[in-house]
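Visitor: Handing you this structure, nothing more for now.
Nothing in this text is a laboratory measurement; each read-out follows from the coordinates by a stated rule. The structure presented is a predicted model; accordingly, all values stated were derived computationally and were not measured. Quick reminder, even Gly has a Cβ in these numbers, built from the backbone with ideal geometry, and neighbours come from all protein chains shown.
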Amino acid sequence: MNILAIDTATEYCSAALSIDGDIIETGKEMARGHSDYILSMVEQVLADSGMTLNECDAIAFDKGPGSFTGIRIGAGVAQGLAFGKDLPVVPVSSLHALALQCDGDYIAAAIDARMQQIYSACFKRTGQNQFQSLTSETVMQPDAVSLEQNRNWTAIGSGWDRYGETIKNKFPGIEIDVVSGRYPHAKDIALIAAGVVADGGAIEPEFGFPEYIRDKVTN
């Protein structure tokens, strides 16, 4: 199964190609300008693999939460590529993609949402690349995070980078291992999407929408 994935939702812009689970990826950390780079990144991973877009089974993208502009770019590029080649799309959560980068069984993912808020969700690992959502994805004040007691938590994402100490002070009795400096990557989007496609969950491109969570726009 061949999955092309793009991620423009946060400060790390990337494209990846999963070929039966083998990953080719390129990416770059940037504050803005994702729209100037993402198509060339797609071209690069396809060229590096020796494949064409016609050989892909689906196109996956980071649906958010994240930068409003960034997730619009990702959804738009994925839809455009998919329409052109009559391919389905797979929208994947940025918080789910962050969880994939952790080794722990209980994972708290958070992305800095600006305005003194974070996008947050908690997950339980159920298998390889598989997670159960323990909370809904929501925007909140950092000190509103809720973690189950008697668990060892792995925390990840820019929300924890910025507000980790504030959150940890709420839970003096819980062990929280913060994995710092991480963003969602297209390779994680691709791996998650492969499972969705295998389960028949890919959708037509016209239904591949970004997920804003918060109505008020901020980049």
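Visitor: Could you work out [θ]222 nm for the chain from helices alone, using -39500 (n - 2.57) per DSSP H run of at least four and dividing by all its residues? Round to the nearest 500 deg cm²/dmol.
Guide: Details: 5 runs with 64 residues, N = 219.
Only helices count here, giving -9000 deg cm²/dmol.
Visitor: For helix 186-198, what angle does its Cα long axis make with the longest principal axis of the chain, in degrees from 0 to 90 and rounded to 10?
Guide: With rounding to tens, the tilt is 70 degrees.
Visitor: Where the only charges are on Cβ atoms (+1 Lys, Arg; -1 Asp, Glu), what is the dipole of the range 95-179 about its Cα centre, to the nearest 20 debye?
Guide: It works out to roughly 120 debye.
Visitor: Sticking with this structure for a sec: Once a ≥ b ≥ c are taken as the square roots of the eigenvalues of the Cα gyration tensor of the range 95-179, is the result rounded (a/c under 1.5), prolate (a/b larger than b/c) or oblate (a/b not larger than b/c)? List each step's numbers first, then the result.
Guide: Details: a/c = 1.72, a/b = 1.27, b/c = 1.36.
Oblate is the answer for the range 95-179, as a/c is 1.5 or above yet b/c matches or exceeds a/b.
Visitor: Next up: Once each part is reduced to its C-alpha centroid, what is the distance from the range 81-109 to the range 116-164 in angstrom?
Guide: About 16 Å separates the Cα centre of the range 81-109 from the one of the range 116-164.
Visitor: While we're looking at this one, here's another question. Going by amide H atoms built from the backbone, whose H comes under 5 Å of the H on Phe131, apart from near neighbours?
Guide: Result for Phe131 returns Thr126.
Visitor: Once R0 is set to 22 Å, what does the formula 1/(1 + (r/R0)^6) return for the Cβ-Cβ distance between Asp103 and Met140, expressed as a FRET efficiency to the nearest 0.05? Before the final figure, lay out the partial values.
Guide: Details: r = 26 Å, r/R0 = 1.16.
For Asp103 and Met140, the calculated efficiency is 0.30.
Visitor: Could you check the spin-label model distance between Asp86 and Thr69? Points 7 Å from the Cα along Cα→Cβ, value in nm.
Guide: Going from the Asp86 label point to the Thr69 one covers 3.7 nm.
Visitor: Ok, one more. Using a cut-off of 14 Å between beta-carbons, work out the net charge of the residues near Pro172 (Lys and Arg +1, Asp and Glu -1, Pro172 not included).
Guide: That works out to -1.
Visitor: Suppose R0 equals 41 Å; then what is the FRET efficiency for Glu43 and Tyr212 from their Cβ-Cβ distance, rounded to the nearest 0.05? Intermediate results must be reported in sequence, preceding the final value.
Guide: Details: r = 29 Å, r/R0 = 0.70.
Plugging the Cβ-Cβ distance into 1/(1 + (r/R0)^6) gives 0.90.
Visitor: Can you find, among Ile111, Gly157, Met140, the residue farthest towards the positive end of the dipole of the range 95-179? Put +1 on the C-beta of Lys and Arg, -1 on that of Asp and Glu.
Guide: Met140
Visitor: Continuing with the same structure: Can you give the relative contact order of the range 95-179 as a percent, counting alpha carbon pairs under 8 Å and 6+ residues apart?
Guide: Rounded, it is 31 percent for the range 95-179.
Visitor: Another question, then. Tell me which of Pro172, Ile38, Ala75 sits at the most positive position along the dipole axis of the chain, charges placed on C-beta atoms (Lys, Arg +1; Asp, Glu -1).
Guide: Of the options given, the answer is Pro172.
Visitor: Angle check, please: helix 34-49 long axis (alpha carbons) against the longest principal axis of the chain (alpha carbons), in degrees 0 to 90, nearest 10.
Guide: Taking the Cα atoms of the chain, the angle to 34-49 is about 60 degrees.
Visitor: Once you put a point 7 Å from the Cα of Met1 and another 7 Å from the Cα of Ala198, both along the Cβ direction, what distance in nm separates them?
Guide: Placing both labels 7 Å along Cα→Cβ, they lie 0.6 nm apart.
Visitor: Where nothing but the Cβ of Lys and Arg (+1) and of Asp and Glu (-1) is charged, how large is the charge dipole of the chain around its Cα centre, in debye to the nearest 20?
Guide: 680 debye
Visitor: Please identify the longest segment of the chain free of exposed GluC sites (Glu not before Pro), where exposed means a DSSP state other than H, G, I, E or B and no more than 14 other Cβ atoms within 10 Å.
Guide: Answer - 1-147.
Visitor: [x] 11.0; [y] 12.0; [z] 16.1: which one is mean projected area of the Cα convex hull in nm² as calculated from this entry?
Guide: [x]
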